[in-house]
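What follows is a set of notes on a single structure, which appears directly below.
Throughout, read-outs are computed from the coordinates displayed, never taken from laboratory work. All values reported here derive from a predicted model rather than from experimental measurement. Counting neighbours? That spans all protein chains shown, and the Cβs are built from the backbone with ideal geometry, glycine included.
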Ligand code: PGA
């Protein structure tokens with residue numbers, strides 16, 4: 001059975017790039033992906049302050065989608081410095097990254113909080129790129145499968161099957177993020193197959209075959225093709241290499 005799952009290459013710009021730099025980069029990427037096939041989706045994720053300008057500059061190019069890197073769980077209120085789903089919606093954002101390991105690690109985002117964010121995003125019919133993955137010590141102690149199972153169970157497995165149409169999974173082993181060390185294609189495939197099986201066991205094979213599972217962690221032009229060639233790897237969430245138009249384009253082309 002051939003499965004049509006969406007291929008996605010998403011660039012997480014993190015806390016990088018000014019407004020002008022963001023516009024320059026997205027314009028360069030837009031030019032490069034003009035002839036890309038329909039099955040592949042390209043996403044860029046600028047900082048909150050630059051989201052609006054990047055959305056405006058991509059509005060004529062449907063090939064590049066724009067995502068937020070985070071959002072708050074509440075509808076609105078006294079949460080100084082935070083950004084709501086409604087605000088994102090109002091500027092044309094319908095995809096949000098949640099659960100990135102940097103949010104978990106530096107901003108104490110745990111599964112209880114992330115579950116609330118997931119629910120709020122779904123309430124606003126937003127698509128979620130949900131990130132998760134084990135730390136180095138988890139892998140060294142052979143706990144990586146348990147950790148990943150827990151992260152998914154805690155924040156996503158209470159959702160219904162329809163909700164899963166709005167979920168994109170991003171497996172990002174923490175030890176591979178920004179370190180230059182990537183999971184081998186075999187390690188990525190092994191974990192992605194495990195994740196798909198978890199979803200199948202919880203729901204059914206229709207849900208599990210439909211969900212795109214991205215790999216993230218030091219994906220570069222030199223390793224992208226091999227990682228993306230694995231059957232359960234449906235694309236990537238790219239940090240460092242997404243800040244350079246030609247590297248990011250090469251990674252997109254690798255899919
Ligand atoms: P990296 O980051 O590609 O720089 O390792 C990936 C990520 O944090 O999503």
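Per DSSP H run of n ≥ 4, the term is -39500 (n - 2.57); total these for the chain, divide by its residue number, and report the mean residue ellipticity at 222 nm rounded to 500 deg cm²/dmol.
-12500 deg cm²/dmol, from helical runs alone.
For region 7-254, what are Rg and Dmax over the alpha carbons, in angstrom?
16.9, 49
Using alpha carbon coordinates only, what is the Rg to Rh ratio of region 1-126, with Rh defined as the Kirkwood radius?
0.98
Take peptides 108-114, 222-228, 64-70 and line them up by average Cβ neighbours within 10 Å, highest first, as a rough protection proxy.
Averaged packing, sorted descending, gives the order 64-70, 222-228, 108-114.
Using only Cα atoms, locate the centre of region 77-123 and the centre of region 157-226, then give the distance between them in Å, rounded to an integer.
If you average the Cα positions of each part, the centres end up 20 Å apart.
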